[in-house]
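Accompanying notes for the structure given below.
The values are calculated or read from the model by the stated rules, or taken from the named source; none is laboratory data. Predicted model, so just to flag it, every value in this text is computed and none were measured. Positions of Cβ are generated from backbone atoms using ideal geometry, with glycine treated the same way; all protein chains shown enter the neighbour counts. When the accessible area is computed, the model is the full protein with side chains, heavy atoms only, and any ligands, DNA or RNA have been set aside. Shrake-Rupley method; radii C 1.70, N 1.55, O 1.52, S 1.80 Å.
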Amino acid sequence: AQKVTQAQTEISVVEKEDVTLDCVYETRDTTYYLFWYKQPPSGELVFLIRRNSFDEQNEISGRYSWNFQKSTSSFNFTITASQVVDSAVYFCALSEKSSGNTGKLIFGQGTTLQVKP
Amino acid sequence: DAGVIQSPRHEVTEMGQEVTLRCKPISGHNSLFWYRQTMMRGLELLIYFNNNVPIDDSGMPEDRFSAKMPNASFSTLKIQPSEPRDSAVYFCASSWDRIRSGANVLTFGAGSRLTVL
């Protein structure tokens, strides 16, 4: 069965600190997709990144970087030099190719990040 | 594009009343999703439409819930009769999904916060 675990419920850091949000997933599919979404205080979910199961290259986008390791079934998200505007709930999600017909995106429980000035 | 438009943003109603939530997806998107977010259960997929046809409604909690998509630019989620346990934030999301691979990126609306007293 597919499952996404974000063990960190809440993280609090001081501005300019680096922070890593953990995500561990379970799937039996060989083809799957991993996502990160951000939910700021305004409430909407904002797409950040998608990776497919065949691409283990790490990705960097500005202060954001993602580390995908199939060996440990993890897809961790690091924010470098955090800013107050990064304060939000971050969700990791999994979609399996075999579930393409259902559109099912399995979300983790989310990690609330608070960045203090 | 204005993004996914949901209405109302907030709804407070009394138990037993009918509630209708509305969604206008992004023009050109062919897939539409209704998700529910609660503290206890996180984000759950309720129903998925592809080309206006309901593909998977296995997440709909019970017969009190129904969803329709009469055309490509409009969908409703109805709860009748409503109960206090239906209190949640309901998100509509849309995507362009040509091959139902599970890889599609969802664009979420701002959500409708429902409180049933």
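How many residues are in contact with an Asp or Glu (Cβ under 6 Å, 6 or more places away or on another chain), over 30 Å from B:Phe49 (Cα atoms) and among the hydroxyl-bearing types (Ser, Thr, Tyr) if we restrict to region A:66-100?
2
Pick from B:Ala110, B:Ala67, B:Ala93: which is facing another protein chain (nearest Cβ under 8 Å) and either in a strand (DSSP E or B) or under 30 Å from A:Asp29 (Cα atoms) (or both)?
Answer to the selection: B:Ala93.
Out of A:Glu44, A:Glu56, report the one residue that is free of Cβ contacts under 8 Å to residues at least 60 places away in the same chain, away from every other protein chain (no Cβ under 11 Å) and open to solvent by 10 Å² or more (accessible area, probe 1.4 Å).
One residue alone meets the criteria, A:Glu56.
Those residues that are of a type in the set (Ser, Thr, Tyr) and either in contact with a Leu (Cβ under 8 Å, 6 or more places away or on another chain) or under 25 Å from B:Arg36 (Cα atoms) (or both), I need them from region A:29-52; list them, please.
Across region A:29-52, the qualifying residues are A:Tyr32, A:Tyr33, A:Tyr37, A:Ser42.
Looking only at residues in region A:72-112 that are in a strand (DSSP E or B) and of a type in the set (S, T, N, Q), which one is farthest from the other protein chains (Cβ to nearest Cβ)?
The selected residue is A:Thr78.
Based on this model, can you work out whether A:Val115 counts as open to solvent by less than 10 Å² (accessible area, probe 1.4 Å) and either part of a loop (DSSP other than H, G, I, E, B) or over 13 Å from A:Leu34 (Cβ atoms) (or both)?
In short, yes.
Among the numbered criteria (1) in a strand (DSSP E or B); (2) open to solvent by less than 40 Å² (accessible area, probe 1.4 Å); (3) more than 14 Å from every other protein chain (Cβ to nearest Cβ), which single criterion is violated by B:Ser82?
So the condition that B:Ser82 fails would be (1).
Counting only residues that are in a strand (DSSP E or B) and modelled with pLDDT under 95, which one in region A:1-33 is nearest to the other protein chains (Cβ to nearest Cβ)?
So, considering only residues that are in a strand (DSSP E or B) and modelled with pLDDT under 95, the one nearest to the other protein chains (Cβ to nearest Cβ) is A:Tyr33.
Return yes when A:Ile49 is farther than 21 Å from B:Val105 by Cα, in contact with a Phe, Trp or Tyr (Cβ under 7 Å, 6 or more places away or on another chain) and among the aliphatic types (A, V, I, L, M) and no when it is not.
Considered against the rule, which asks whether it is farther than 21 Å from B:Val105 by Cα, in contact with a Phe, Trp or Tyr (Cβ under 7 Å, 6 or more places away or on another chain) and among the aliphatic types (A, V, I, L, M), A:Ile49 comes out as no.
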